[in-house]
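Single-structure report; data block below.
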Amino acid sequence: MYHANVPVLELDADVSGLDAAFSHDMQTYSAISNQDFNELAKLQGRKEAMELKGDEATVLDPAYYEGISPAYVGSKVKLTQNEQEHAITFKELKKFSVLNMGTVYSTIVLSDELFEKLEKEIKSYSLEAYGISNQDQAKQLTEQIEGVLPESAAFASYYQDYARGMESSGLLIFMGGFLGLVFLTATGSIIYFKQLTEANSDKARYRILSKIGVNKREVRKTIAQQVLCIFALPLIAGIAHCSVALIALSRLLNKNLVIPVVICMGVYTCIYLIYYVVTVNACYRIVTNNK
(Lines give C-alpha, C1' and ligand atoms only; values in the text may rest on other atoms or scores of the structure.)
Protein backbone atom coordinates (compact mmCIF):
# COMPACT_ATOMS: atom_id res chain seq x y z
CA MET A 1 0.00 0.00 0.00
CA TYR A 2 1.22 3.51 -0.71
CA HIS A 3 0.24 7.15 -1.15
CA ALA A 4 1.98 9.62 -3.46
CA ASN A 5 1.34 13.20 -4.57
CA VAL A 6 2.20 13.54 -8.26
CA PRO A 7 2.49 16.91 -10.07
CA VAL A 8 1.13 16.62 -13.62
CA LEU A 9 1.32 18.97 -16.62
CA GLU A 10 -1.20 19.02 -19.46
CA LEU A 11 0.68 19.74 -22.67
CA ASP A 12 -0.50 20.15 -26.25
CA ALA A 13 1.88 18.64 -28.79
CA ASP A 14 2.39 18.66 -32.54
CA VAL A 15 2.62 14.92 -33.29
CA SER A 16 2.80 15.14 -37.07
CA GLY A 17 6.30 13.65 -36.78
CA LEU A 18 4.95 10.37 -35.41
CA ASP A 19 4.67 7.49 -37.86
CA ALA A 20 1.10 6.47 -37.02
CA ALA A 21 -1.59 4.79 -39.09
CA PHE A 22 -4.35 6.67 -37.24
CA SER A 23 -3.23 9.96 -35.70
CA HIS A 24 -4.11 13.65 -35.64
CA ASP A 25 -1.53 16.41 -35.97
CA MET A 26 -2.25 17.68 -32.46
CA GLN A 27 -2.56 15.70 -29.25
CA THR A 28 -2.75 16.46 -25.53
CA TYR A 29 -0.35 14.66 -23.20
CA SER A 30 -0.22 14.37 -19.43
CA ALA A 31 3.40 14.76 -18.39
CA ILE A 32 5.16 13.68 -15.19
CA SER A 33 8.80 14.02 -14.20
CA ASN A 34 11.44 11.31 -14.40
CA GLN A 35 11.81 11.36 -10.60
CA ASP A 36 8.07 10.91 -9.97
CA PHE A 37 7.92 8.05 -12.46
CA ASN A 38 10.80 6.22 -10.76
CA GLU A 39 9.18 6.67 -7.34
CA LEU A 40 5.78 5.40 -8.53
CA ALA A 41 7.34 2.48 -10.38
CA LYS A 42 9.23 1.47 -7.23
CA LEU A 43 6.09 1.78 -5.07
CA GLN A 44 4.21 -0.42 -7.56
CA GLY A 45 6.94 -3.06 -7.54
CA ARG A 46 8.14 -2.39 -11.08
CA LYS A 47 11.85 -2.59 -11.82
CA GLU A 48 11.60 0.00 -14.55
CA ALA A 49 13.71 2.93 -13.35
CA MET A 50 14.90 5.26 -16.10
CA GLU A 51 17.26 8.21 -16.48
CA LEU A 52 16.24 10.89 -18.95
CA LYS A 53 18.30 13.95 -19.83
CA GLY A 54 17.60 17.19 -21.68
CA ASP A 55 14.87 16.78 -24.30
CA GLU A 56 14.55 13.01 -23.86
CA ALA A 57 11.13 11.57 -23.01
CA THR A 58 9.41 8.23 -22.53
CA VAL A 59 5.85 7.45 -23.54
CA LEU A 60 3.59 5.24 -21.38
CA ASP A 61 1.10 3.45 -23.62
CA PRO A 62 -0.63 0.39 -22.09
CA ALA A 63 -2.85 0.15 -25.18
CA TYR A 64 0.08 -0.06 -27.60
CA TYR A 65 -0.48 -2.29 -30.64
CA GLU A 66 2.42 -2.83 -32.99
CA GLY A 67 1.54 -1.79 -36.53
CA ILE A 68 -1.39 0.36 -35.38
CA SER A 69 0.04 2.59 -32.64
CA PRO A 70 2.68 5.20 -33.51
CA ALA A 71 6.32 4.21 -33.80
CA TYR A 72 7.38 6.23 -30.77
CA VAL A 73 11.04 5.35 -30.19
CA GLY A 74 13.29 7.83 -31.98
CA SER A 75 10.39 10.07 -33.06
CA LYS A 76 10.26 13.78 -32.27
CA VAL A 77 7.25 15.85 -31.23
CA LYS A 78 6.91 19.53 -30.40
CA LEU A 79 5.29 20.60 -27.15
CA THR A 80 3.42 23.82 -27.89
CA GLN A 81 2.37 25.95 -24.95
CA ASN A 82 1.89 29.73 -24.60
CA GLU A 83 3.21 30.24 -28.14
CA GLN A 84 6.45 28.49 -27.21
CA GLU A 85 7.74 25.21 -28.56
CA HIS A 86 9.85 22.56 -26.87
CA ALA A 87 11.01 19.67 -29.05
CA ILE A 88 11.32 16.31 -27.34
CA THR A 89 12.57 12.93 -28.55
CA PHE A 90 10.98 9.69 -27.40
CA LYS A 91 13.79 7.53 -26.03
CA GLU A 92 11.68 4.63 -24.75
CA LEU A 93 8.23 3.08 -24.87
CA LYS A 94 6.68 1.51 -21.79
CA LYS A 95 3.62 -0.67 -22.37
CA PHE A 96 2.11 0.24 -19.00
CA SER A 97 1.21 3.36 -17.06
CA VAL A 98 1.91 4.30 -13.46
CA LEU A 99 -1.24 6.47 -13.44
CA ASN A 100 -4.89 5.47 -13.87
CA MET A 101 -5.93 6.20 -17.43
CA GLY A 102 -9.30 7.57 -16.32
CA THR A 103 -7.80 10.77 -14.87
CA VAL A 104 -5.05 11.59 -17.40
CA TYR A 105 -4.45 11.85 -21.13
CA SER A 106 -1.79 9.78 -22.86
CA THR A 107 1.10 9.96 -20.43
CA ILE A 108 4.70 10.92 -21.13
CA VAL A 109 7.69 11.11 -18.80
CA LEU A 110 10.00 14.13 -19.16
CA SER A 111 13.49 14.67 -17.84
CA ASP A 112 13.53 16.44 -14.47
CA GLU A 113 15.17 19.58 -15.87
CA LEU A 114 12.66 19.92 -18.72
CA PHE A 115 9.72 19.26 -16.38
CA GLU A 116 10.93 21.97 -13.96
CA LYS A 117 11.34 24.40 -16.85
CA LEU A 118 7.83 23.76 -18.17
CA GLU A 119 6.34 23.87 -14.67
CA LYS A 120 7.46 27.49 -14.44
CA GLU A 121 5.55 28.30 -17.64
CA ILE A 122 2.46 26.16 -17.04
CA LYS A 123 0.57 25.59 -13.84
CA SER A 124 0.61 21.97 -12.83
CA TYR A 125 -2.11 20.10 -11.00
CA SER A 126 -1.70 17.37 -8.40
CA LEU A 127 -2.83 13.78 -8.49
CA GLU A 128 -3.21 11.81 -5.29
CA ALA A 129 -2.22 8.25 -6.06
CA TYR A 130 -3.10 5.44 -3.66
CA GLY A 131 -2.11 1.81 -3.86
CA ILE A 132 -4.16 -0.79 -1.99
CA SER A 133 -4.26 -4.56 -1.71
CA ASN A 134 -6.99 -6.68 -3.36
CA GLN A 135 -7.76 -3.93 -5.87
CA ASP A 136 -10.17 -6.12 -7.83
CA GLN A 137 -12.37 -6.46 -4.70
CA ALA A 138 -12.51 -2.75 -3.80
CA LYS A 139 -16.08 -2.10 -4.92
CA GLN A 140 -17.31 -0.82 -1.55
CA LEU A 141 -14.24 1.39 -1.03
CA THR A 142 -14.59 2.84 -4.54
CA GLU A 143 -18.25 3.70 -3.93
CA GLN A 144 -17.42 5.32 -0.58
CA ILE A 145 -14.69 7.51 -2.12
CA GLU A 146 -16.96 8.55 -4.98
CA GLY A 147 -19.63 9.49 -2.42
CA VAL A 148 -17.43 11.98 -0.55
CA LEU A 149 -15.63 13.57 -3.51
CA PRO A 150 -17.04 16.77 -5.06
CA GLU A 151 -18.47 16.52 -8.59
CA SER A 152 -15.61 18.64 -9.95
CA ALA A 153 -13.00 16.10 -8.78
CA ALA A 154 -11.62 13.59 -11.27
CA PHE A 155 -11.48 10.07 -9.87
CA ALA A 156 -10.41 6.76 -11.36
CA SER A 157 -9.66 3.43 -9.74
CA TYR A 158 -8.36 0.03 -10.69
CA TYR A 159 -11.68 -1.52 -9.67
CA GLN A 160 -13.63 0.68 -12.12
CA ASP A 161 -11.38 -0.38 -15.01
CA TYR A 162 -11.50 -3.99 -13.82
CA ALA A 163 -15.31 -4.02 -13.60
CA ARG A 164 -15.72 -2.42 -17.05
CA GLY A 165 -13.26 -4.91 -18.52
CA MET A 166 -15.07 -7.86 -16.97
CA GLU A 167 -18.44 -6.62 -18.22
CA SER A 168 -17.26 -6.08 -21.79
CA SER A 169 -15.25 -9.33 -21.83
CA GLY A 170 -18.19 -11.26 -20.37
CA LEU A 171 -20.52 -9.91 -23.05
CA LEU A 172 -18.07 -10.79 -25.84
CA ILE A 173 -17.50 -14.28 -24.41
CA PHE A 174 -21.25 -14.88 -24.15
CA MET A 175 -21.90 -13.67 -27.71
CA GLY A 176 -18.98 -15.64 -29.13
CA GLY A 177 -19.86 -18.79 -27.20
CA PHE A 178 -23.57 -18.54 -28.01
CA LEU A 179 -23.00 -17.98 -31.74
CA GLY A 180 -20.39 -20.73 -31.80
CA LEU A 181 -22.77 -23.21 -30.17
CA VAL A 182 -25.58 -22.20 -32.54
CA PHE A 183 -23.41 -22.81 -35.62
CA LEU A 184 -21.99 -26.01 -34.15
CA THR A 185 -25.47 -27.32 -33.36
CA ALA A 186 -26.70 -26.37 -36.82
CA THR A 187 -23.73 -28.06 -38.51
CA GLY A 188 -24.04 -31.21 -36.40
CA SER A 189 -27.80 -31.41 -37.01
CA ILE A 190 -27.39 -30.99 -40.77
CA ILE A 191 -24.81 -33.79 -40.91
CA TYR A 192 -26.96 -35.96 -38.61
CA PHE A 193 -30.11 -35.71 -40.72
CA LYS A 194 -28.15 -36.06 -43.95
CA GLN A 195 -26.63 -39.32 -42.72
CA LEU A 196 -30.06 -40.62 -41.65
CA THR A 197 -31.40 -39.88 -45.13
CA GLU A 198 -28.46 -41.69 -46.74
CA ALA A 199 -28.87 -44.59 -44.30
CA ASN A 200 -32.48 -45.05 -45.46
CA SER A 201 -31.28 -45.00 -49.07
CA ASP A 202 -28.52 -47.54 -48.36
CA LYS A 203 -30.75 -49.85 -46.33
CA ALA A 204 -31.25 -52.24 -49.22
CA ARG A 205 -27.48 -52.47 -49.84
CA TYR A 206 -26.74 -53.34 -46.22
CA ARG A 207 -29.51 -55.97 -46.35
CA ILE A 208 -27.71 -57.58 -49.28
CA LEU A 209 -24.44 -57.51 -47.34
CA SER A 210 -26.07 -59.27 -44.40
CA LYS A 211 -27.41 -61.97 -46.74
CA ILE A 212 -23.94 -62.74 -48.12
CA GLY A 213 -22.53 -63.21 -44.62
CA VAL A 214 -21.47 -59.80 -43.31
CA ASN A 215 -22.23 -59.75 -39.59
CA LYS A 216 -23.67 -56.81 -37.62
CA ARG A 217 -20.33 -55.95 -36.04
CA GLU A 218 -18.74 -55.40 -39.46
CA VAL A 219 -21.78 -53.40 -40.58
CA ARG A 220 -21.43 -51.13 -37.56
CA LYS A 221 -17.70 -50.70 -38.22
CA THR A 222 -18.40 -49.73 -41.84
CA ILE A 223 -21.01 -47.18 -40.79
CA ALA A 224 -18.65 -45.74 -38.16
CA GLN A 225 -15.86 -45.27 -40.71
CA GLN A 226 -18.20 -43.70 -43.25
CA VAL A 227 -19.70 -41.26 -40.72
CA LEU A 228 -16.26 -40.46 -39.25
CA CYS A 229 -15.08 -39.03 -42.56
CA ILE A 230 -18.18 -36.83 -42.80
CA PHE A 231 -17.71 -35.44 -39.28
CA ALA A 232 -13.91 -35.22 -39.24
CA LEU A 233 -13.45 -33.05 -42.34
CA PRO A 234 -15.44 -29.98 -41.15
CA LEU A 235 -14.02 -30.33 -37.63
CA ILE A 236 -10.41 -30.36 -38.85
CA ALA A 237 -11.05 -27.50 -41.26
CA GLY A 238 -12.75 -25.46 -38.53
CA ILE A 239 -9.93 -26.02 -36.01
CA ALA A 240 -7.29 -25.08 -38.61
CA HIS A 241 -9.20 -21.93 -39.59
CA CYS A 242 -9.72 -20.85 -35.96
CA SER A 243 -6.08 -21.55 -35.08
CA VAL A 244 -4.83 -19.15 -37.75
CA ALA A 245 -7.31 -16.46 -36.69
CA LEU A 246 -6.52 -16.84 -32.97
CA ILE A 247 -2.75 -16.71 -33.59
CA ALA A 248 -3.27 -13.35 -35.30
CA LEU A 249 -5.52 -12.21 -32.42
CA SER A 250 -2.97 -13.23 -29.77
CA ARG A 251 -0.27 -11.23 -31.56
CA LEU A 252 -2.57 -8.23 -31.80
CA LEU A 253 -3.44 -8.38 -28.08
CA ASN A 254 0.09 -9.39 -27.03
CA LYS A 255 -1.41 -12.20 -24.95
CA ASN A 256 -0.93 -15.95 -24.80
CA LEU A 257 -4.28 -17.51 -25.76
CA VAL A 258 -3.09 -21.12 -26.00
CA ILE A 259 -4.89 -22.41 -22.88
CA PRO A 260 -8.35 -20.85 -23.56
CA VAL A 261 -8.11 -21.84 -27.23
CA VAL A 262 -7.27 -25.47 -26.36
CA ILE A 263 -10.16 -25.57 -23.85
CA CYS A 264 -12.63 -24.19 -26.43
CA MET A 265 -11.46 -26.61 -29.10
CA GLY A 266 -11.73 -29.48 -26.62
CA VAL A 267 -15.33 -28.54 -25.76
CA TYR A 268 -16.32 -28.26 -29.42
CA THR A 269 -14.62 -31.57 -30.23
CA CYS A 270 -16.52 -33.29 -27.38
CA ILE A 271 -19.83 -31.94 -28.71
CA TYR A 272 -18.91 -33.18 -32.18
CA LEU A 273 -18.07 -36.60 -30.75
CA ILE A 274 -21.51 -36.77 -29.12
CA TYR A 275 -23.13 -35.99 -32.49
CA TYR A 276 -20.90 -38.62 -34.10
CA VAL A 277 -21.84 -41.37 -31.65
CA VAL A 278 -25.56 -40.52 -31.85
CA THR A 279 -25.41 -40.51 -35.67
CA VAL A 280 -23.61 -43.87 -35.86
CA ASN A 281 -26.15 -45.50 -33.53
CA ALA A 282 -29.10 -44.02 -35.43
CA CYS A 283 -27.74 -45.12 -38.81
CA TYR A 284 -27.00 -48.59 -37.46
CA ARG A 285 -30.55 -48.98 -36.16
CA ILE A 286 -31.95 -47.90 -39.53
CA VAL A 287 -29.90 -50.28 -41.71
CA THR A 288 -30.39 -53.28 -39.37
CA ASN A 289 -34.13 -52.76 -39.04
CA ASN A 290 -35.75 -55.46 -41.19
CA LYS A 291 -39.23 -53.95 -41.05
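The values are calculated or read from the model by the stated rules, or taken from the named source; none is laboratory data. Keep in mind that this is a model prediction, so the values were computed, not measured. So basically every Cβ, Gly included, is an ideal-geometry build from the backbone, and we count neighbours across all protein chains shown. Surface areas here come from the heavy atoms of the whole protein model, side chains and all, with no ligands, DNA or RNA. Shrake-Rupley method; radii C 1.70, N 1.55, O 1.52, S 1.80 Å.
Descriptive notes on the structure:
- Mean separation of Cα contacts under 8 Å, 6 or more apart, over the residue count of the chain: relative contact order %: 19 percent
- Considering only PHE96, MET50, PHE231, the residue lying farthest towards the positive end of the dipole of the chain is PHE231, judged by Cα position with unit charges set on Cβ.
- Cross-link table LYS76/LYS139; LYS91/LYS139; LYS42/LYS120; LYS53/LYS95, entries beyond 30 Å C-alpha to C-alpha: LYS76/LYS139; LYS91/LYS139
- Taking all protein chains as shown and a probe of 1.4 angstrom, ILE145 keeps an accessible surface of around 60 Å².
- In Å², nearest 10: area of GLU51 left accessible to a 1.4 Å probe: 120 Å²
- For segment 14-81, the set of chymotrypsin sites (Phe, Trp or Tyr not before Pro) satisfying both a DSSP loop assignment and a count of at most 15 other C-beta atoms within 10 Å is given as PHE22, TYR65.
- Heavy-atom accessible surface of segment 1-154: percent carbon and sulfur, 1.4 Å: 46 percent
- Angle between the chain longest axis and helix 139-148 axis [Cα atoms, degrees, rounded to 10]: 40 degrees
- Computed extension length for LEU179-ILE247: 22.4 nm, one decimal, from 0.36 nm per residue of separation with the Cα-Cα distance subtracted.
- Heavy atoms of LEU99: accessible area, 1.4 Å probe, square angstrom to 10: 10 Å²
- Heavy-atom surface of segment 9-144, accessible at 1.4 Å and reported per residue (Å²): 57 Å²
- Considering only alpha-carbon pairs that sit under 8 angstrom and 6 or more positions apart, the relative contact order computed for segment 216-291 is 58 percent.
- Subtracting the Cα-Cα distance of VAL214 and PHE193 from 0.36 nm times their residue separation leaves 5.0 nm of extension gain.
- Acute angle (nearest 10 degrees) that the helix 34-43 long axis makes with the longest principal axis of the chain, alpha-carbon atoms: 50 degrees
- Segment 153-236 - accessible surface per residue (Å², probe 1.4 Å): 70 Å²
- Rounded Å value of the spacing that divides the Cα centres of segment 74-144 and segment 230-291: 48 Å
- The calculated 222 nm mean residue ellipticity attributable to helices in the chain amounts to -18000 deg cm²/dmol, summing -39500 (n - 2.57) over DSSP H runs of n ≥ 4 and dividing by all residues.
- Estimated dipole of segment 31-174 in Debye, rounded to 20 [Cβ of Lys and Arg +1, of Asp and Glu -1, Cα centre]: 300 debye
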